[in-house]
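Here the structure comes first, spelled out in structure tokens, and everything after it is commentary.
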Amino acid sequence: MKSPDKTVLRELQTIPGIGPSIARDLVELGIRRVQDLRGKDPERLYRLLCRRQGLLMDRCLLYVFRCAVYYAETKKAEARLLLWWNWKDTPSVARKAKLALISELGARTTGAASRSSRVRLSRA
């Protein structure tokens, strides 16, 4: 993939919780401006990035995507909702969702891998 324009990366980094790495992830997903996030499904963005990277990405990335979509869609955002960790699932919901995604995406895992932040996905 061609290196994203610095102006695009800078704009995406105006979103709370978005640094250079996640800005590049957003560009990989076709997001080039803050307003491109309006109407997007954070869960779908997260799953698509996992597929493209061939990894089960840390679930915190999903929480950042939730925060980013909220920021893009909300004119008068609540300050506490501009902190990605306020978009976290409960631990039991997060674990169930992670295991379901591992199964859905066909990850090769060991018992320990299902608890780690990144799991290599099978390329079937």
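The values are calculated or read from the model by the stated rules, or taken from the named source; none is laboratory data. Every value quoted in this text rests on a predicted model; they were computed, and no experiment measured them. FYI the Cβ positions are ideal-geometry reconstructions off the backbone, even for glycines, and counts take in every protein chain you see.
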- Over the stretch 58-85, the set of residues under 15 Å from Leu29 (Cβ atoms) and of a type in the set (Val, Ile, Thr) is Val64, Val69
- May I ask you to list the residues in the stretch 60-82 that are surrounded by fewer than 17 Cβ atoms within 10 Å (Cβ to Cβ) and under 12 Å from the mean Cα position of the chain (by Cα)? Cys60
- Query: Given the structure, is Leu55 more than 17 Å from Ala72 (Cα to Cα), within 15 Å of the chain's Cα centre (by Cα), of a type in the set (A, V, I, L, M) and surrounded by 12 or more Cβ atoms within 10 Å (Cβ to Cβ)?
  - Reply: yes
- Pick out, from the stretch 1-99, the helices (runs of 4 or more DSSP H) lying fully within it that include 3 or more residues that are at pLDDT below 95. 42-53
